[in-house]
Structure formats: C-alpha cells, structure tokens
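The values are calculated or read from the model by the stated rules, or taken from the named source; none is laboratory data. Quick caveat, the model's predicted, so the values are computed rather than measured. Don't worry about glycine lacking a Cβ; one is built from the backbone with ideal geometry, like all the others, and counts go over all protein chains shown. Accessible surface areas use protein heavy atoms only, side chains included; no ligands, DNA or RNA. Shrake-Rupley method; radii C 1.70, N 1.55, O 1.52, S 1.80 Å.
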Amino acid sequence: MPDRSSTGATTATVDRAASPQPSAAPAPRAAAPDPAATLGVAVVGYSFMGQAHSNAWRNVNAFYDDLPQVRMQTLVGRDAARVGAAAEQLGWADAATDWREVLERDDVDVVDVCTPGHLHAEVALAALAAGKHVLVEKPLANTVADCDRLVEAAGAPGAGRSMLGHNYRRVPALALARDLVEQGRVGTVRQVRLSYLQDWLADDQAPMSWRLRKDTAGSGVLGDLGSHAVDQLRFLLGEEVTRVTGHLRTFVTERPSADGDHREEVDVDDAAWATLHTSSGAVASLEVSRMATGRKNALQIEVYGSAGSLRFDLERLNELVVTGAGGGAETVLVTEPEHPYVGAWWPAGHVLGWDSTFTSQAADFLRAIATGEQIHPSFADGLAVQRVLEAIETSSGRGGTPVDLPA
C-alpha cells in the first residue's frame, strides 16, 4: 500500500464552512532539524533535470530556513568544459567528470542522480554503498530488476537516506487533492482519468536523442510521462494497481541523427494507452503521448467518486476544481498559506511555478535526513511504479491481454 502521510506540508479544507476537517497531523518527528548542520551536495547530470535540481538546491534554504544548510559542492558531467561552464552558471563550487571519485569525497554528503535512466542504478547503488544520501530523479531505473536492487541497497546497513524524485507530489493542488480524497470529500473513488500529453516529437524530423533509444531510456513516453501518471494514481488514492491492459505505438520509426548525417531507428514508444484496476476496484484510464500536436506539458487528472470529483491541469498548476455530489463545481486557487507547501513561499494569493515543486522536494528530503522520518516517494514506490509500467508493456506485446500484478 503506498504511503499517503503528509511530507511536511500543511493540509487545509477548501471551504472552511462546508468542507470536512483537515486530516490528522502527521506523526511526531524523530527530532527537529538542525539548521546549523551543513550538507555538501553533488548533482550528477547538468542538462534539463540537472538544471531544475540545481535551482532547487540553490533556493531551498531561502524558503525553508529551519532545515540543514546546503553547500552546492559539485556538479558532475562527462564533458569537462561544458560541465565547468554549467557549474559556474548554476552556482556550484566546483565541477567533476568522474562521479566515482566524487563518491569518495568527504565534502559530499548528498548525491542527486539526474542522468539518463540507464545510469540511475549504477550511480545510486555506488552512492548508497559509500554511505551517501541519495535522491534519484524518476523513473527509479529502467528495469524492475534494477529497481529491486536499489530497494535492497537502500535498506542495507550503513546506507544513507534515499528518495525518488517525483516532483508533482509537491504541487500544492495535487497534495490538496490527495488530502481531500483521504478525507472522503469525493466519497468512494470509482474512476480516474490520467493523461499526460506533449508535442515535442510531433515533427517527424525532430532529431534523435537518448530519450528515443531503449538502451538509454528504457522505454519511450511510457517511462518518461507514464511514470508520473502512475505515481499520481498511487499517491492520490493510496492504492496499488492490480491489473492492467495496455497498448504502445511508435508513430515515427526513424529520425535524423543529431548531426543530420543519417537516419536512426526509434525503438521506443511515442504514445501509450492503458486501463488500470486498483486494489479497491477503482478503474483508471491512462493516455500519454509526446506526439500530441499543440499540447506542451498537459498533465490532466480527474478523480470521480460517489460524492464528488476533482480535476487538475498542470498548465493551470495553482488551481483545483472540486465538485460536490450536487454537481456544483468550485475552482480553488491553491495559494493560501494553510494549503500544502504554500506557507513556505509567498503571501496569500501569489501563485507558484513548476520550479517551486523541486525546491519543496529538496526540502522534504533534507527534513527527512535531519529527523529520520519516513521519506516518500521511496525507492519501494519507484519499484511499484516500474512494475506497472512493465506490465503495460507486457500487455501491449501480447495484443492487449490483461496482466495481473501481485496484490
């Protein structure tokens, strides 16, 4: 069963007069964080996710001043000139090209893995063995077998704390949605619709990248965007997926090489569709695509229950639409200080952005390191998501035959 406990966020009702009472306060923490402590951080990878995580480490103490202090020590990448320039631009003390040497350094306490998926397991396993605290950007690894190894390593004696980076759990509107489901605001959940649509591959002349190769990415849009959607299903409902049917499709099977000199085979999926059954009997439909012309970053989630519904759209990140049993809908602007995560940021009514979710994620990780409290999403959560993704791929390979997952 996925954990739905609060991660340092404050819960609030939508309508103070009519809404249920906030969920119970989280269990007492093991100890208060020591804001005088300083943790040296190394980020492995300096492209898109490396930049997003760098921004989080740079800002986390400015907004969460009760946590251990962060020292942005090392940015790691293969190209010395490029990673050196990125380190200077992003605010790192130094740069390195060998992550193995970085793991031996005493001035690095936290290792944040932002590499392509095929390197996640290797880097994270070595970092845990070195006693470092480890944050891994989603998906945890490209295979269930590697996820199993990471879960085992995370529980080994001497390993540091570990967390999986699913930043959308730190979107205040989605954290509020999770609390409202838990409070029974929508009654018994019957149906969920999950879609995550982008269009950056709609042009069939878009060049190849590591995300389009199975040996580096593991899968295509299923692992890239589908992992977010499956994690949200588990997060919002607090349930496991027990049966799936799925279909994958590659619309463009060849693309120009990065240098334009030749064409390369695309061996991952461009789009995926699935039906997911949960342990309570709820049914979710899933659609993910990087070929949806005109959709830039459209994660949309709809939860339908016996007493109401919830609707969320990432492109309207600060809003949650709440509908009661009578059908009346209220669009809640999730910007009040009592809403999850919002109290750490700006005065009431001032919206947050996509980048803020990574800062709140870093804050949750630092708090858990300092206090010893449970971390979510854990590596076990990442393993559960990867099992669902693998089952969808298996079902597709069998022509859409249902695949059961262990309860």
(request) Could you name the lysines whose alpha carbon sits less than 21 Å from that of Lys214, not counting residues in the same chain fewer than 8 places away? (result) Lys138
(message) Just want the answer: with Cβ charges of +1 for Lys and Arg and -1 for Asp and Glu, which residue in Ala95, Val192, Thr359 is farthest toward the dipole's positive end in the chain?
(response) Val192
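Grab the beta carbon distance between Thr216 and Asn297, set R0 = 22 Å, and tell me the FRET efficiency rounded to 0.05. Write down the numbers at each step before the final one.
Working: r = 22 Å, r/R0 = 1.00.
Once the sixth-power term is evaluated, E becomes 0.50.
Given R₀ = 56 Å, FRET efficiency for Arg190-Ala129 by Cβ-Cβ distance, to 0.05?
0.80
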(request) Would you mind computing, in nm to one decimal, how far apart the modelled labels at Trp354 and Asp66 are, each placed 7 Å from Cα along Cα→Cβ? (result) 3.1
(request) Return one whole number: the accessible area per residue of the chain in Å², for a 1.4 Å probe. (result) 41
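What shape does the range 322-407 take by its C-alpha gyration tensor, where a ≥ b ≥ c are the square roots of the eigenvalues and a/c under 1.5 counts as rounded, a/b above b/c as prolate, and the rest as oblate?
oblate
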(request) Run the quick spin-label model on Asp107 and Gln183: label points 7 Å from Cα toward the beta carbon, then report their separation in nm to one decimal. (result) 4.8
(message) Compute, for the range 271-407, the length of the dipole vector about the Cα centre, with Cβ point charges of +1 (Lys, Arg) and -1 (Asp, Glu) only. Units Debye, rounded to 20.
(response) 340
(request) Can you grab the distance from the C-alpha centre of the range 341-402 to the C-alpha centre of the range 220-247, Å, no decimals? (result) 12
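Report the extension gain between Val283 and Ser209 in nm, rounded to one decimal, defined as 0.36 nm multiplied by the number of residues separating them, less their alpha carbon distance.
Stretched fully, the Val283-Ser209 segment lengthens by 23.2 nm.
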(message) For the chain, what does the helix formula give at 222 nm: sum of -39500 (n - 2.57) over DSSP H segments with n ≥ 4, over the residue count, nearest 500 deg cm²/dmol?
(response) -9000 deg cm²/dmol
(message) Over the range 198-265, what is the relative contact order in percent, taking alpha-carbon pairs closer than 8 angstrom and at least six residues apart?
(response) 35
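As a test, work out the antiparallel percent of DSSP beta bridges whose residues both lie in the chain, rounded to the nearest 5.
The antiparallel proportion sits near 60 percent.
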(request) Place +1 on the Cβ of every Lys and Arg and -1 on the Cβ of every Asp and Glu in the range 106-191, take the dipole about the Cα centre, and give the residue among Val113, Leu128, Val171 whose Cα lies farthest towards its positive end. (result) Val171
(message) Can you tell me the convex hull volume per residue for the chain, based on C-alpha atoms, in Å³ to the nearest whole number?
(response) 140
(request) Please express the Cα-Cα pair-distance distribution P(r) of the range 251-294 as a list of whole percents, one per 5 Å bin, running from 0 to the bin with the greatest distance. (result) 5, 17, 15, 16, 15, 11, 8, 6, 4, 2, 1
(message) No solvent, one uniform scatterer per C-alpha: report log10 I(q)/I(0) for the range 174-296 via the Debye equation at q = 0.18 1/Å, two decimals.
(response) -0.91
(request) Report the full-extension gain for the segment Glu338 to Asp34: residue separation times 0.36 nm, less the Cα-Cα distance, to one decimal in nm. (result) 107.0 nm
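Estimate the FRET efficiency between Arg398 and Glu315 by the formula 1/(1 + (r/R0)^6), using the beta-carbon distance for r and 41 Å for R0, to the nearest 0.05.
In this case the efficiency is close to 0.75.
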(message) Rounded, prolate or oblate for the range 113-183? Axes are the square roots of the Cα gyration tensor eigenvalues, ordered a ≥ b ≥ c, and the cut-off for rounded is a/c under 1.5.
(response) prolate
(request) Scan the range 79-160 for GluC sites (Glu not before Pro) in coil per DSSP, keeping those whose Cβ has at most 11 other Cβ atoms within 10 Å, and list them by number. (result) Glu104
(request) Would you mind counting up the charge near Leu299? Only other residues with Cβ under 9 Å from its Cβ, with Lys and Arg at +1 and Asp and Glu at -1. (result) -2
(message) If a paramagnetic tag sat 7 Å from the Cα of Arg263 along the Cα-Cβ line, which residues of the range 203-228 would have the backbone N under 16 Å from that point?
(response) 203-209
(request) Search the structure for amide H atoms under 5 Å from the amide H of Val332, placed 1.01 Å from N in the peptide plane, and list their residues when 5 or more places away or on another chain. (result) Leu320, Val321, Val322
(request) With an 8 Å cut-off on Cα pairs and a minimum separation of 6 or more residues, tell me the relative contact order of the chain in percent. (result) 21
(message) Leaving out ligands, DNA and RNA, and with a 1.4 Å probe, what % of the accessible surface on the chain is carbon or sulfur?
(response) 49
(request) With only Lys, Arg, Asp and Glu charged, each at its Cβ (+1 for the first two, -1 for the last two), find how big the charge dipole of the chain is about the Cα centre; round to the nearest 20 debye. (result) 800
